[in-house]
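Visitor: Input: one structure, supplied below.
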Amino acid sequence: MCESQLERAFVLLADFTPTVLHIVSQPLTIMFRVGSQIRWHTPDFCVLRYGAPPLVVDVKRPEQALVVRTQERHWLVAEALAAAGMHYLVWTGLAEPVVANLSLLSRAQTPISGERRNVLRDVTVQWVLDGPQTFESLATALTREHSVPDLAAKTFLRELIWQRQLRIHMHHFLLPESEVWA
C-alpha cells in the first residue's frame, strides 16, 4: 500500500484519525487539459471520511512540493477534483516524534479482553481523570493493583492511547516519564 516511509507516515496518521473510514492506495487516474495537451495524474491515496467528501491526497517530500511545476500540476489536479466534488491535499509529513509514536501505538495488541479489559480500561481512565500520570506510574499501578504483567500493562496503555481513550502529547516521544491524561 505504501511506496515510501513518508507514505507510511501518512497512512498511520489517517488510521489514527477518528473520522477516517477507509484509505485507498492509488485510487484513480485523473485526466486534465494543460493548454492543448492532455495530462494524466494518479494520486497516492483517497481517504473516505464520515460526513465529508472524499479527500484525495498526494504525498510529497517538502522540497518536491515547493517546485513550481509540481505546484502547478497540483493546482490543476485540485481543480479537476473539486469539479467532481472531492477535496485535495498535498501532504508533506509530520514531525519525527509524531511518526514514531503513531508507529509504536499502532502495533500495540494485548490478549486482555472481555470484562477484564473493560475493568482495566475504566480504572486506568479514572486514575488519569484525577490528574495526569506518567506512563510508567500507570503501568506500575496496573501491575501492582491488578496483577497485569509489566509488558502487558505497557502494551495495554499504548492500545488505549491508540484508541484515543487516553492521551499523550504526540509531539514528544513516548517515554516512561511521559504524561498521560484522559
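Visitor: Which value results when the Cα radius of gyration for region 103-182 is divided by 2.2 N^0.38 Å?
Guide: Dividing the Cα Rg of region 103-182 by 2.2 N^0.38 Å gives 0.97.
Visitor: With only Lys, Arg, Asp and Glu charged, each at its Cβ (+1 for the first two, -1 for the last two), find how big the charge dipole of region 20-85 is about the Cα centre; round to the nearest 20 debye.
Guide: Computed about the Cα centre, the dipole is about 80 debye.
Visitor: Oh, and also: Taking 0.36 nm per residue of sequence separation and subtracting the Cα-Cα distance, how much length would be gained by fully extending the chain between Q165 and F32, in nm to one decimal?
Guide: 43.5 nm
Visitor: Follow-up question, since we're still on this one. In debye, nearest 20, what is the charge dipole magnitude of the chain about its Cα centre with +1 on Lys and Arg Cβ and -1 on Asp and Glu Cβ, if you could check?
Guide: Using Cβ point charges on Lys, Arg, Asp and Glu, the chain gives about 460 debye.
Visitor: Then there's this: Taking N as the number of residues in region 33-179, what is its alpha-carbon radius of gyration divided by 2.2 N^0.38 Å?
Guide: With N residues counted in region 33-179, Rg over 2.2 N^0.38 Å equals 1.49.
Visitor: For region 17-62, state which chymotrypsin sites (Phe, Trp or Tyr not before Pro) are in a DSSP loop and have at most 14 other beta carbons lying within 10 Å of their beta carbon.
Guide: When the chymotrypsin sites (Phe, Trp or Tyr not before Pro) of region 17-62 are filtered for loop state and at most 14 Cβ neighbours within 10 Å, Y50 remain.
Visitor: Quick one: accessible area per residue over region 28-141, 1.4 Å probe, rounded to a whole number of Å²?
Guide: Computed with neighbouring chains in place, this is 56 Å² per residue.
Visitor: Around V56, which amide H atoms from residues at least 5 apart in sequence, or from another chain, sit under 5 Å from its own amide H, with H modelled in the peptide plane?
Guide: Correct list: V47, H87, Y88, L89.
Visitor: What do you get for Rg/Rh of region 141-182 when both radii come from the Cα atoms and Rh is the Kirkwood radius?
Guide: Reported Rg/Rh (Cα atoms, Kirkwood Rh): 0.97.
Visitor: For a Förster distance of 45 Å, can you work out the FRET efficiency between the beta-carbons of E145 and E3, rounded to the nearest 0.05?
Guide: 0.45
Visitor: With unit charges on the beta carbon (Lys/Arg positive, Asp/Glu negative), name the residue among H87, T140, V180 whose Cα is farthest towards the positive pole of the charge dipole of the chain.
Guide: H87
The values are calculated or read from the model by the stated rules, or taken from the named source; none is laboratory data. Source: prediction; values computed, not measured. Here the Cβ is made from the backbone with ideal geometry for all residues, glycine too, and neighbour counts use every protein chain on show. Protein only, heavy atoms only, side chains kept; ligands, DNA and RNA dropped before computing areas. Shrake-Rupley method; radii C 1.70, N 1.55, O 1.52, S 1.80 Å.
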